[in-house]
Amino acid sequence: MIFQFTVQCTESEILAFEKEVMDILSRVLGSSSDALMRIHEFHFCIHESILNILQHTYKWDMFQKLEIRLQITEEGEKRICEVTIRDFGPPVPKKLVPPDSVDRFQMRKRGLYMMSKILDEFSLTPQSDGNVTYLKKIFYDGGGSGSSH
């Protein structure tokens, strides 16, 4: 299943998009408490990625847009959820590397650290006219996670 979205960077459009993604994921992955917990973790990563784009790439310019693709594939007991977020801001000049750990009161890179613990794959690739953020999470039947993090 592939879902395509074009999202204006307003609070209402982002929230509507995130609600729709949560609805899609709960229909596909189930609504057990374990599945819902994993869905919320994946949602956190999508939300954090969008916030990072708004803050660091778009500098809070709410007139920008994002093109987002959600792909869900099934391989036996696995449900592989991939999200690609295309922004149209300046290319990110350096590779983002999540820290190995965070201090209790650390303010920067905390979201990146948490995403590295939740996701099975994460990347940010600069393009000539923007960036592509890629997130991948593997779910197993019953809502379990394939991540060994």
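The values are calculated or read from the model by the stated rules, or taken from the named source; none is laboratory data. Computed from a predicted structure; not experimentally measured. Heads up, the Cβs are rebuilt from the backbone with ideal geometry, glycines too, and the neighbour counts pull from every protein chain shown.
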Please specify each residue of region 5-15 satisfying the condition of being surrounded by 14 or more Cβ atoms within 10 Å (Cβ to Cβ), of a type outside the set (D, E, K, R) and in a helix (DSSP H, G or I).
-> Ile14
How many residues does region 19-35 hold that are touching a helix residue (DSSP H, G or I) at 6+ places or on another chain (Cβ under 7 Å) and not polar (S, T, N, Q)?
-> 5
Residue set Glu67, Glu74; condition assigned to a strand (DSSP E or B), closer than 20 Å to Leu119 by Cα and of a type in the set (D, E, K, R); output residue Glu74
Count of region 26-47 residues which are in a helix (DSSP H, G or I) and among the polar types (S, T, N, Q) | 2
Of the residues that make up region 134-141, is at least one surrounded by fewer than 15 Cβ atoms within 10 Å (Cβ to Cβ), modelled with pLDDT of 85 or more and hydroxyl-bearing (Ser, Thr, Tyr)?
-> no
Being within 24 Å of Lys78 (Cα to Cα) and small (Gly, Ala, Ser) is the filter here, so list the residues in region 1-28 that pass it.
-> Ser26
Asp23, sole failed condition from (1) acidic (Asp, Glu); (2) surrounded by 13 or more Cβ atoms within 10 Å (Cβ to Cβ); (3) not in a strand (DSSP E or B) | (2)
